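Each remark here refers to the structure printed beneath this line.
We did not get these values from a lab; they are worked out from the coordinates using the rules stated. What you see is a predicted model, and the numbers here were worked out from it, not measured in a lab. In this analysis, Cβ positions are derived from the backbone assuming ideal geometry, glycine residues included, and neighbour counts consider all displayed protein chains.
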Number of protein chains: 2
Amino acid sequence: QGTRDHAPAQAALRDRLLSAVVSCFKRHGAAAIDTPVLELRETLVGKYGEGTKLIYELQDQGGELLALRYDLTVPFARYLAMNKITKMKRYHVAKVYRRDNPATTRGRYREFYQCDFDIAGQFDPMIPDAECLKIVHEILSDLQLGDFVIKVNDRRILNGVFAVCGVPESKFIPACCTVDKLDKIPWEEVRSEMVGEKGLSPEAADRIGEYVQLHGGLDLIERLLQDPKLSQNKLAKEGLGDMKLLFEYLTLFGITGKISFDLSLARGLDYYTGVIFEAVLLQQEKEHVEELVSVGSVAGGGRYDGLVGMFDPKGRKVPCVGVSIGIERIFSILEQRLEASGEKLRTTETQVLVATPQKHMLAARLKLISELWDAGIKAEMLYKKDPKLLKQLQYCEDTGIPLAAIVGEQELADGVVKLRDVATREEVRM
Amino acid sequence: QGTRDHAPAQAALRDRLLSAVVSCFKRHGAAAIDTPVLELRETLVGKYGEGTKLIYELQDQGGELLALRYDLTVPFARYLAMNKITKMKRYHVAKVYRRDNPATTRGRYREFYQCDFDIAGQFDPMIPDAECLKIVHEILSDLQLGDFVIKVNDRRILNGVFAVCGVPESKFIPACCTVDKLDKIPWEEVRSEMVGEKGLSPEAADRIGEYVQLHGGLDLIERLLQDPKLSQNKLAKEGLGDMKLLFEYLTLFGITGKISFDLSLARGLDYYTGVIFEAVLLQQEKEHVEELVSVGSVAGGGRYDGLVGMFDPKGRKVPCVGVSIGIERIFSILEQRLEASGEKLRTTETQVLVATPQKHMLAARLKLISELWDAGIKAEMLYKKDPKLLKQLQYCEDTGIPLAAIVGEQELADGVVKLRDVATREEVRM
């Protein structure tokens with residue numbers, strides 16, 4: 001349940017999508033790493049907020065207690081700490097596992113690919129953070145998925161907001177998780193979850209509401225820097241200062257047109273400590289052509305400066321920032337688009353079919369195809385002793401093989417091969 | 001335990017190795033598929049002989065009872081049956097899981113990659129089987145792993161041998177598993193396991209011993225076809241006839257020099273029904289330079305005509321033959337070889353570092369690098385506001401970046417960039 005096989009056409013489409021993403025990661029100088037699908041349970045516990053209950057655990061069959069990885073970020077942090085690496089730019093494309101309620105029509109599965117790019121190391125502020133946003137912008141533009149917006153916020157700003165609204169520090173993370181639902185449910189429901197389930201005072205919730213419904217650009221950052229209450233909060237001030245710097249860098253990258261500083265963005269995971277962001281695709285609503293509505297998140301990430309330290313025996317911190325591309329949702333969109341277009345993706349790369357018009361030609365075909373393979377040419381033949389020529393040509397048409405290398409009695413006697421262009425039916429002897 | 005992280009240098013080497021294997025599979029016209037790492041437990045149980053106890057099971061957290069896949073063959077058969085596919089040539093490169101005793105120095109892990117190529121469908125005998133052996137030959141030759149031999153046998157011949165030696169049919173599979181150990185332990189030990197643990201009569205074991213210690217080529221096949229007892233056994237006769245045909249095709253492929261018909265080859269898995277094979281690397285023994293000894297299996301496979309039918313509600317069979325490349329052992333060999341050579345693999349593909357000789361040039365660098373990225377050029381810069389030029393050039397040398405695009409006050413004023421060849425120190429303004 002919640003998993004799927006990929007048939008050849010889907011595997012080919014996925015390959016194409018993953019190469020586009022990986023080539024962007026390589027363009028930004030990242031190296032690949034790989035980590036096991038299995039992690040120690042203790043590595044994963046307590047890193048994912050409400051997600052922890054969705055971790056797949058392995059049966060205790062003796063030995064270590066194991067679980068399937070929930071994302072690629074925690075294994076990356078574990079890897080850095082274990083190997084005492086303090087500086088690294090890496091990408092990782094692999095499957096992760098979540099015992100979630102699958103919504104497979106919207107591309108939500110229990111086993112799914114993540115494509116992560118992260119920069120670890122102590123650097124000057126906001127330079128790596130800006131690059132992560134540039135990467136999201138490049139990938140979403142390259143894939144021509146239509147209009148999108150990248151929402152940006154900072155955990156320090158959110159925590160500052162909570163503090164000045166009178167929320168006790170112990171409730172920052174639960175409050176964050178509730179705010180994060182603002183893209184799916186209206187403010188009234190978020191408010192009542194805050195007051196009810198999360199135990200915030202109604203006054204605090206109302207004050208939070210005034211902030212988290214704000215979004216804008218540099219102007220909003222400036223305004224909040226002047227906000228009498230927020231500007232008194234150290235964390236918020238730091239966050240707003242960095243946000244201003246980030247917008248400066250994004251202006252140099254020429255991508256601020258797609259960036260929205262959005263105070264409702266919170267992200268559910270525990271480990272974020274600074275900038276957070278999320279890219280959503282926009283679509284024209286059928287009834288209101290002018291209005292663009294979000295059709296879901298396709299990339300997200302942020303800064304997590306404390307995570308590596310949790311795996312280091314001495315608690316040594318390695319600041320990190322990274323982005324994860326939500327390949328599954330993008331895949332669903334491309335799949336539907338391909339289906340609608342009627343275009344058929346080739347699932348093989350075969351260049352030539354070795355064929356014969358006569359019986360008793362198996363030996364000749366086997367000899368010829370063997371020569372082709374040894375010369376690095378992608379070649380197939382039908383696995384029949386005496387196939388009909390029509391069937392062989394039909395196979396070329398069905399699978400998109402452009403050429404047929406035909407060997408019959410005459411060709412064998414003359415020491416030649418007849419090469420046929422399947423589409424034009426042109427033939428040359430060679 | 002028994003798993004490992006791949007650091008960038010290892011990931012780069014693995015990438016290179018996997019692409020060599022995949023490009024061979026594509027040369028033979030295979031399409032890719034992908035299946036989940038998780039399978040239903042019931043799908044895996046009873047397919048792997050003594051391996052079944054090594055399956056990783058997931059904890060029962062509600063819902064289906066799951067396990068991690070043990071190989072890629074059973075999931076492929078499940079996929080074919082589930083989708084009622086009767087004909088397919090596919091490859092699949094992915095991780096599999098076995099709770100084995102890891103021997104990590106010899107490249108044996110609990111999580112490891114398999115690279116499988118399989119041909120499903122009802123075809124004329126031995127044509128797809130011969131192609132599988134051709135593929136093993138191509139890959140091992142391409143990778144320049146040194147001398148190797150591909151041992152070939154047929155489960156029908158083995159079963160025929162057991163039958164004429166007086167083994168009851170119920171003991172064919174256990175006997176097979178024991179014979180399979182002949183490459184690791186001497187005949188005397190195999191014999192005593194047969195008589196002891198497996199309950200065969202000493203006479204039967206001795207008779208088996210006469211057959212399973214034979215190996216050779218076409219001559220041996222001919223001799224066994226004349227064997228008074230074996231030639232009376234229907235299964236053995238079929239197997240030997242097909243083996244003869246296989247050698248005919250392999251002769252046309254020009255690869256019989258590396259093929260050995262070896263009656264000791266049994267393969268441990270339950271599901272094989274016909275031809276089986278295994279490739280082993282040969283190495284000169286230090287003391288006896290003329291003698292080549294096996295250093296372990298690097299590929300294996302065979303025919304499994306009954307497996308798909310086990311997953312079909314009506315038991316419809318789809319004949320299959322396939323090969324699995326043992327990428328981990330090959331990886332270990334290549335890794336050791338690379339280490340010995342002192343060669344350093346680049347782990348990134350960055351073409352140019354955007355650098356500056358002066359302070360206050362961050363904005364110029366960000367603008368330039370953004371232009372390069374947008375033009376598809378692989379570019380990096382140091383994440384510092386004011387890095388020293390020497391540090392920047394040092395970074396190029398450390399990571400193998402061939403070019404530095406230098407922008408200083410003068411270049412900015414002139415509207416040019418200084419492009420420096422890091423190795424030769426040559427510079428051009430452009």
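Helix-only estimate, please: 222 nm mean residue ellipticity of chain A, summing -39500 (n - 2.57) across DSSP H runs of length 4 or more and dividing by its residues, to the nearest 500. Kindly include the intermediate steps, with their values, before the conclusion.
Working: 15 runs with 167 residues, N = 430.
Using -39500 (n - 2.57) per qualifying helix, the result is -12000 deg cm²/dmol.
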**Asked** Using just the C-alpha positions of chain B as equal point scatterers, what log10 of I(q)/I(0) does the Debye formula give at each q in 0.06, 0.08, 0.09, 0.10 1/Å?
**Response** -0.36, -0.58, -0.68, -0.79
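Pull out a ≥ b ≥ c, the square roots of the eigenvalues of the alpha-carbon gyration tensor of the range B:1-152, then state rounded if a/c is under 1.5, prolate if not and a/b is larger than b/c, and oblate in the remaining case.
Details: a/c = 1.80, a/b = 1.14, b/c = 1.58.
Cα axes put the range B:1-152 in the oblate bin.
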**Message:** Distance between the C-alpha centers of the range A:64-81 and the range B:133-155? Whole Å please.
**Reply:** 37
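Sort B:Glu193, B:Glu339, A:Glu57 so that the residue with the fewest other Cβ atoms within 10 Å of its own Cβ comes first and the one with the most comes last.
Numbers: B:Glu193 19, B:Glu339 10, A:Glu57 16.
By the 10 Å Cβ count, ascending, the order reads B:Glu339, A:Glu57, B:Glu193.
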**Asked** ³J(HN,Hα) across the range B:317-328 via Karplus (A = 6.51, B = -1.76, C = 1.60, θ = phi - 60°), whole Hz, x for Gly/Pro?
**Response** 8, 10, x, 9, 9, x, 9, 10, 8, x, 5, 5
**Message:** Going 7 Å from Cα along the Cα-Cβ axis for the label, what nanometre distances separate B:Pro168 from the same residue across the other copies?
**Reply:** 7.5
**Request:** Pop out the ³J(HN,Hα) list for the range B:389-401 in order, Karplus 6.51 cos²θ - 1.76 cosθ + 1.60 with θ = phi - 60°, rounded to Hz; leave Gly and Pro as x.
**Result:** 4, 4, 4, 5, 5, 4, 4, 4, 5, 5, 10, x, 6
**Item:** Nearest-20 debye value, the range B:271-430 charge dipole, Cβ charges on Lys, Arg, Asp, Glu
**Value:** 700
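Beyond 21 Å between alpha-carbons counts as too far, so tell me which of A:Lys385/B:Lys89; B:Lys89/B:Lys244; B:Lys89/B:Lys134 fall in that bin.
Numbers: A:Lys385/B:Lys89 18 Å; B:Lys89/B:Lys244 24 Å; B:Lys89/B:Lys134 15 Å.
Table pairs above 21 Å Cα-Cα are B:Lys89/B:Lys244.
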**Cα-projected label distance for A:Asp142 with B:Lys391, points at 7 Å along beta-carbon direction, nm** = 2.9
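When A:Lys151, B:Lys258, B:Lys184 are ordered from fewest to most other Cβ atoms inside 10 Å of their Cβ, what list results?
Numbers: A:Lys151 22, B:Lys258 17, B:Lys184 10.
Sorted ascending by nearby Cβ count, the order is B:Lys184, B:Lys258, A:Lys151.
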**Item:** Nonlocal amide H pairs with A:Cys115, under 5 Å, H built at 1.01 Å
**Value:** A:Ile325, A:Ile327
**Asked** Sorting B:Arg337, B:Arg191 on the 10 Å Cβ count, fewest up front, what's the list?
**Response** B:Arg337, B:Arg191
**Complete:** Counting only DSSP loop positions in the range B:1-80, the trypsin sites (Lys or Arg not before Pro) whose Cβ has at most 16 other Cβ atoms within 10 Å are B:Arg4
**Prompt:** Over what distance in Å are the Cα centres of the range B:246-282 and the range B:1-56 separated?
**Reply:** 22
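Taking the Cα centre of the protein assembly as shown as origin, sum charge times position over the Cβ atoms of Lys and Arg (+1) and Asp and Glu (-1), and report the length of that vector in debye to the nearest 20. Provide the component values of the computation, followed by the final result.
On the way: 116 positive and 126 negative charges, 30 e Å.
It comes to approximately 140 debye.
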**Request:** Calculate the mean, over all residues of peptide A:86-98, of how many other protein chain Cβ atoms lie within 10 angstrom of the residue's Cβ.
**Result:** 2
**Asked** What gaps in nm, shortest first, separate B:His215 from its twins in the other copies when you place the label 7 Å past Cα toward the beta carbon?
**Response** 6.8
**Asked** Put +1 on the Cβ of every Lys and Arg and -1 on every Asp and Glu Cβ in chain A; which of A:Asn233, A:Ser201, A:Gly121 then has its Cα farthest towards the positive end of the dipole?
**Response** A:Gly121
**Asked** Rounded, prolate or oblate: which one fits the protein assembly as shown, using the alpha carbon gyration tensor with axes a ≥ b ≥ c (rounded when a/c is under 1.5, else prolate when a/b beats b/c, else oblate)?
**Response** prolate
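Assign one of three labels to the range B:352-429, namely rounded, prolate or oblate, based on the Cα gyration tensor with a ≥ b ≥ c the square roots of its eigenvalues; rounded applies when a/c is under 1.5, prolate when it is not and a/b is larger than b/c, and oblate otherwise. Write down the numbers at each step before the final one.
On the way: a/c = 1.23, a/b = 1.18, b/c = 1.04.
In terms of gyration-tensor shape, rounded.
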**Asked** So what is the relative contact order for chain A, in percent, with contacts set as C-alpha pairs under 8 Å and at least six apart?
**Response** 16
**Item:** Distance between modelled label sites at B:Lys317 and A:Leu214, nm, 7 Å Cα→Cβ extension
**Value:** 7.5
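Taking beta carbons within 10 Å but only from partner chains, what does the mean come to for residues B:102-114? Show your work: numbers first, answer last.
Details: counts 0, 0, 0, 0, 0, 0, 0, 1, 3, 4, 0, 1, 0.
Taking the mean over all residues of the peptide, I get 1.
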**Of all DSSP beta bridges in the range A:352-429, antiparallel share, percent nearest 5** = 55
**Message:** Roughly how far apart, in whole Å, are the Cα centres of the range A:205-220 and the range B:97-116?
**Reply:** 53
**Cut-off under 5 Å, modelled amide H: who pairs with B:Ser260 long-range** = B:Ile150, B:Lys151, B:Val152
**Prompt:** On a 0 to 90 degree scale, rounded to 10, what angle separates helix A:234-253 from the longest Cα axis of chain A?
**Reply:** 40
**Prompt:** How many Cβ atoms of partner chains, on average, are near each residue of B:365-372 if near means within 10 Å of its Cβ?
**Reply:** 4
**Item:** the range B:153-251: proportion of alpha-carbon pairs further apart than 17 angstrom, %
**Value:** 48
**Asked** For label points placed 7 Å from Cα toward Cβ, what is the shortest-first list of nm distances from B:Gln232 to its copies?
**Response** 10.5
**Complete:** When the charge dipole of the protein assembly as shown is computed with +1 at the Cβ of Lys and Arg and -1 at the Cβ of Asp and Glu, the Cα pointing farthest to the positive end, of B:Val308, B:Leu353, A:Ser260, is that of B:Val308
**Asked** Karplus couplings for the range A:173-180 from phi (6.51 cos²θ - 1.76 cosθ + 1.60, θ = phi - 60°), rounded to Hz, Gly and Pro as x?
**Response** 5, x, 5, 4, 4, 6, 4, 4
**Item:** Label point 7 Å beyond Cα of B:Ser170 along Cβ direction - residues of the range B:189-218 with amide nitrogen under 13 Å
**Value:** B:199-200
**Fill in**
Residues whose built amide H sits under 5 Å from the amide H of B:Leu58, excluding neighbours closer than 5 in sequence, are A:Gln59, B:Leu66, B:Ala67, B:Leu68
